[in-house]
Structures are given as structure tokens and as C-alpha cells.
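Written below as C-alpha cells is the structure these notes are about.
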Amino acid sequence: MKLIVGITGATGVRHAVRLLEVLSTRTDVQTHLVLSEWAAANLLSETGRTPESLTPLVTRLYSNSDLAAPMASGSFLTDGMIVLPCSMRTLAAVAAGACDNLINRSADVCLKEGRRLVLCPRETPLNALHLENMLKLARLGVRMVPPMPAYYQNPQTIDDLVAHHIMKVLDQFGFQSPDDRRWNGPEHPRSNPR
């Protein structure tokens, strides 16, 4: 499987780092990573990491300004793309078909080629434009998987909440996360399906 991961300037970059950590454990997945300028700033601010520190977790790291990168073309076959976190600017650009950087263009390629596109919008409160853009994209088949916490697994740490969100993101591609803690009824609310 070949996946594109875009990280934009919204807060919540630790979700993206955990996603990359999980994907890096799979030998059957190639991960092509693109970070926006503000994603790099948030990465440093929220985790103390640089974009270069993520290179061991991915197949390849691309500049967001590189519109000649392979994933800017539909002839570069992928299984889809995850944008995590997805800023409202990126969401609006994808909804409008604005391809002014590699993240937006890669999302547009997924749409035009009928490939899976998962956006993880990170904003609150949501205004009518945010909601209209999400609805427009959802009607085109884009999966909206915002990082909304679930409490049925009795989370004890922020990492527990992040892990649950990553499980939901990976579900969109049929992957099982090593951190799975799914609802299995009130008798076993935190059971792992394995």
C-alpha cells in the first residue's frame, strides 16, 4: 500500500506523529509525507521535533512547494491520502480545487482519480463556511475524521485519546492499529479485538 500523509498548520500534530509511528511498523506500507510551513512550526512547538526527525518514519519527505513531486500527478499510483491535522485553510482549498501547494494538489489528485481521501479537520467552534466545505467534500466521498475524543475506553492520558483517533483514521484504510481499544459492549468496553 502507498499512502500520502499531509500535515498542515492546525494544532494537533502529535496525532500525525503517532500515525507515522504506527505506519512505520508496517512493512507493506510506503508513506509519502508532505508538511506545510506552519506544520513544521507546530511540529517544533508542540513536540520539539523537526521535519527531518520524521524521515526514519516515512518512505520519503517532500517539500510542500514541490509541485513537480510524483504525487502531483494522477499517474503516481497511491491508495489514498490522509491530511492530519487538516487546517480550515487546507479544507477550503481542497473544496475549491485550489492546487497552490503539494498538499492541496495531492488531495485534488485523489479526488479526480477516485482515491480515498481522509481529512482530519482541527478547529472549534466551526462556522458555516467550515461546515459547508466539509459537507461539499463529504458529498464527493471524502471521509471527515476529526480528532474527537471517545471516553468509553476510559482514557488515562492524552496519548490514549490520540491512539483512539489514529485507530479511527486507520480504519478508513482497513488497517488495525496496535493501539486498538474498541467498544465491545458494556461488559467489555475497553477490550482489544485481538
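Just so it is clear, none of the values below were taken in a lab; they were calculated from the coordinates. Given the structure is predicted, the values throughout are model-derived calculations rather than measurements. Glycine gets a Cβ as well: all are built from the backbone with ideal geometry, and neighbour counts include every protein chain shown.
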Filtered residue count, the range 119-146, keeping only those that are assigned to a helix (DSSP H, G or I) and either among the hydrophobic types (A, V, I, L, M, F, W, C) or under 15 Å from the mean Cα position of the chain (by Cα) (or both): 7
Test for Ala150: is it among the small types (Gly, Ala, Ser), surrounded by 13 or more Cβ atoms within 10 Å (Cβ to Cβ) and free of Cβ contacts under 8 Å to residues at least 40 places away in the same chain: yes
Count of residues meeting criterion [touching a residue at least 24 places away in the same chain (Cβ under 8 Å) and within 28 Å of Gly141 (Cβ to Cβ)] in the range 153-177: 10
Thr78 surrounded by 18 or more Cβ atoms within 10 Å (Cβ to Cβ) and more than 24 Å from Arg122 (Cα to Cα): yes
Long-range neighbours under 7 Å by Cβ, at least six apart or interchain, first residue among the acidic types (Asp, Glu) within the range 116-128, second surrounded by 10 or more Cβ atoms within 10 Å (Cβ to Cβ) and in a loop (DSSP other than H, G, I, E, B): Glu123/Ala10
